[in-house]
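To keep things clear, I will list the structure first and then write my remarks on it.
The values are calculated or read from the model by the stated rules, or taken from the named source; none is laboratory data. Since this is a predicted model, take the numbers as computed values, not measurements. Cβ placement follows ideal geometry from the backbone for every residue including glycine, while neighbour counts extend to all protein chains displayed. Note: accessible area is taken over every heavy atom of the protein model, side chains too, but ligands, DNA and RNA are not part of it. Shrake-Rupley method; radii C 1.70, N 1.55, O 1.52, S 1.80 Å.
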Amino acid sequence: MMTEYTSSMSRRSVLLAGAGVALAAATPWRAPADGVREIRLAAAPGRALLVGSDPQTDVLGYDGKVPGPTLRLKQGQPVRIIVENKLDQDTTVHWHGIRLPNAMDGVPGLTQPPIRPGESFTYEFTPPDAGTFWYHPHANSLQQLGRGLAGALIVEAQEAYPADREILWVISDWRLRPDAQIASGFGNPMEAGMSGRVGNAVTINGALPTVESVQAGERIRLRLVNSALARIMALRFEDHRPVIVAIDGQPCDPHEPEGDHLLLGPAMRIDVVLDMVGEPGRRYRVVDDFYDDLAYTLVQLAYDEKPLERRTPLGAVARLSENPIPEPDLASSERHELALQGGMMSGMGRMMGDGMMDRMMDGMMGGGMMDGMMDGMMGGMGGAAWSINGTSMSGDGHAGMKPLLTLKRDRTHILALRNETAWWHPMHLHGHSFLVLSRNGTRNPRREWSDTVLIPPRKFVDVAFVADNPGDWMLHCHVTDHQMSGLMTVLRVA
Ligand code: C2O
Ligand code: CU
Ligand code: CU
């Protein structure tokens, strides 16, 4: 398991030492006649030891594993990924954050027919950007993602990044019953109108974490992926100062996070450089305290007794090399207002924050109070809990969906995303990365590219991008319950 996550740098040096034979033996990729790298992936049921000891949990996973295999691609090199559906339901794979041709985007009905059970679909694309991405289904998303179908997709740059080691944390959130099986009740309308399905077990790379072993003096590049359905995380590293070098795979000026927290909404990725400045033999906690009264220790950094011998001192944290994203031209841009609406009222939000969800749910489910509340909440929205500019696209989308907007190709567009609700929304656009221009009217001091921007309740964010990728693209909240119940739309680039 660990070998999968060692750095490309160290692996490369090992391979170089062993010459070309080792290279061929170590690479799992097939090389078909046309020379395009080929990967096979199966969406399949499996069992996973999520909670450390028996019992195992029945999951759905790529190649039956959670998370699925980490796909390491090379920037600018074409890849062919053959996905076989061994589930008993339709599926697709979406390559989250990769700027690829529309037909490869994995949205059933919109960009491809669903992959039926027993069938397969061949995805082919050339990743233009190096960085940390991930893949997941875009069909029956609550169940399929919530039962484990997700994996990291790392696109490697030509040149190695100066760090001693690389660590990947795919962080997932599960709602488990006492027997370690995944609880049913996906898509409960009550949760859909609130925070979404936040679980009770947070795993790193498919297991409840205890420690991450480190050595004093090391410089680690840590890639964080939040693959949760709904859980937002605010990670704090006790006595350590992570430096953010990439957001959603895209390089940024190295900087420390505001308020010492790494804010990581569903689907978001952050790459940090972590200098191991702790004392040998000691342990340091990594705490997630996004939900006030529900803070927990995610994992501990466990220092080896022996520090790393280093001949030359560490310099400043290096910037990652730039990705070739077209630069927005704000002077000639078109502006589009998008209002995010719906959900339950704010009072509920406060109760949720106090961790009262369970008690409240019990009371309401039993008392039949829920129907009345749901009626009130959904009044005028045709059964959906959420909407964008008064329209609600729900489920996983469907064929013939009308785009909310048509964006002129190769022009710069500004999306003014206004969160009029009492809940947080990580808003994600397919097929493009955008610059976060401003938050609540305050100009962003940094050049911050992302594909998923987290918008707090009643706040607003302006993002800009060049619509250079033709096709119909999803724009949706990545709190999966919100996506499924109306916080989703389609933007056409033509
Ligand atoms: Cu992770 Cu529609 O996306
Ligand atoms: Cu996406
Ligand atoms: Cu949302």
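Looking at region 451-493, which of its residues are farther than 18 Å from ILE414 by Cβ, touching a Lys or Arg at 6+ places or on another chain (Cβ under 7 Å) and more than 16 Å from ligand 3 (Cβ to nearest atom)?
Matches in region 451-493: PRO470, ASP472.
Could you figure out which of (1) closer than 26 Å to ALA234 by Cα; (2) at pLDDT 95 or above isn't true of ALA192?
(2)
For (1) aliphatic (A, V, I, L, M); (2) away from ligand 3 (no atom under 16 Å from the Cβ), each residue gets a yes or a no:
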| residue | (1), (2) |
| --- | --- |
| PRO101 | no, yes |
| GLY106 | no, yes |
| PHE121 | no, yes |
| THR126 | no, yes |
| ALA130 | yes, yes |
| LEU145 | yes, no |
| ALA152 | yes, yes |
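Every residue in region 443-467 that is open to solvent by 50 Å² or more (accessible area, probe 1.4 Å) and either touching a helix residue (DSSP H, G or I) at 6+ places or on another chain (Cβ under 7 Å) or under 24 Å from ARG319 (Cβ atoms) (or both), please.
ARG443, PRO445, ARG446, ARG447
Condition check: buried (at least 20 other Cβ atoms within 10 Å of the Cβ), within 24 Å of ILE244 (Cα to Cα) and modelled with pLDDT of 95 or more. Does VAL287 satisfy that? Before you say what the answer is, go through the steps one by one.
Values: buried (at least 20 other Cβ atoms within 10 Å of the Cβ): no; within 24 Å of ILE244 (Cα to Cα): yes; modelled with pLDDT of 95 or more: yes.
Considered against the rule, which asks whether it is buried (at least 20 other Cβ atoms within 10 Å of the Cβ), within 24 Å of ILE244 (Cα to Cα) and modelled with pLDDT of 95 or more, VAL287 comes out as no.
If we keep just the residues of region 191-215 that are among the charged types (D, E, K, R) and not in a strand (DSSP E or B), which is nearest to the chain's Cα centre (by Cα)? Show your work before the answer.
First, pick out the residues of region 191-215 that are among the charged types (D, E, K, R): 191, 197, 212.
Restricting the remaining residues to those that are not in a strand (DSSP E or B) gives 191, 197.
Values: GLU191: 20, ARG197: 16 Å.
So the residue we want is ARG197.
For region 444-476, enumerate the residues that are over 24 Å from ASP271 (Cβ atoms) and out of contact with any strand residue (DSSP E or B) (no Cβ under 7 Å at 6 or more places or on another chain).
Once the filter is applied, which keeps residues that are over 24 Å from ASP271 (Cβ atoms) and out of contact with any strand residue (DSSP E or B) (no Cβ under 7 Å at 6 or more places or on another chain), region 444-476 yields only ASP468.
Any residue at all in region 471-494 that is within 15 Å of ligand 1 (Cβ to nearest atom), among the polar types (S, T, N, Q), open to solvent by 10 Å² or more (accessible area, probe 1.4 Å) and over 22 Å from GLY196 (Cβ atoms)?
No; the residues of region 471-494 include none that is within 15 Å of ligand 1 (Cβ to nearest atom), among the polar types (S, T, N, Q), open to solvent by 10 Å² or more (accessible area, probe 1.4 Å) and over 22 Å from GLY196 (Cβ atoms).
When region 120-130 is examined, which residues are found to be closer than 17 Å to ASP63 by Cβ and within 16 Å of ligand 2 (Cβ to nearest atom)?
Within region 120-130, TYR123 is the sole residue that qualifies.
Report the residue count in region 238-261 for those that are farther than 14 Å from LEU320 by Cβ and surrounded by fewer than 21 Cβ atoms within 10 Å (Cβ to Cβ).
Residues meeting the conditions: 10.
So that you can scan it fast, the table gives a plain yes or no per residue for (1) in the same structural domain as GLU218 (by TED's automatic domain parsing); (2) among the polar types (S, T, N, Q):
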residue	(1), (2)
LEU263	yes, no
ASP275	yes, no
GLY281	yes, no
THR297	yes, yes
ARG310	no, no
GLU322	no, no
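Across region 258-290, what is the total count of residues that are in a loop (DSSP other than H, G, I, E, B) and more than 26 Å from THR480 (Cα to Cα)?
Of the residues in that region, 7 qualify.
Of all residues being assigned to a loop (DSSP other than H, G, I, E, B) and surrounded by 24 or more Cβ atoms within 10 Å (Cβ to Cβ) in region 141-151, which is farthest from ligand 2 (Cβ to nearest atom)? Just the residue, please.
Out of the qualifying residues, it is GLY148.
Inside region 70-119, counting only strands (runs of 3 or more DSSP E) that do not spill past its ends, which hold 1 or more residues that are open to solvent by less than 50 Å² (accessible area, probe 1.4 Å) and within 14 Å of ligand 2 (Cβ to nearest atom)?
94-96
Is it the case that some residue within region 153-160 is crowded, with 18+ Cβ neighbours inside 10 Å, touching a residue at least 24 places away in the same chain (Cβ under 8 Å) and within 14 Å of ligand 2 (Cβ to nearest atom)?
For region 153-160, residues crowded, with 18+ Cβ neighbours inside 10 Å, touching a residue at least 24 places away in the same chain (Cβ under 8 Å) and within 14 Å of ligand 2 (Cβ to nearest atom): present.
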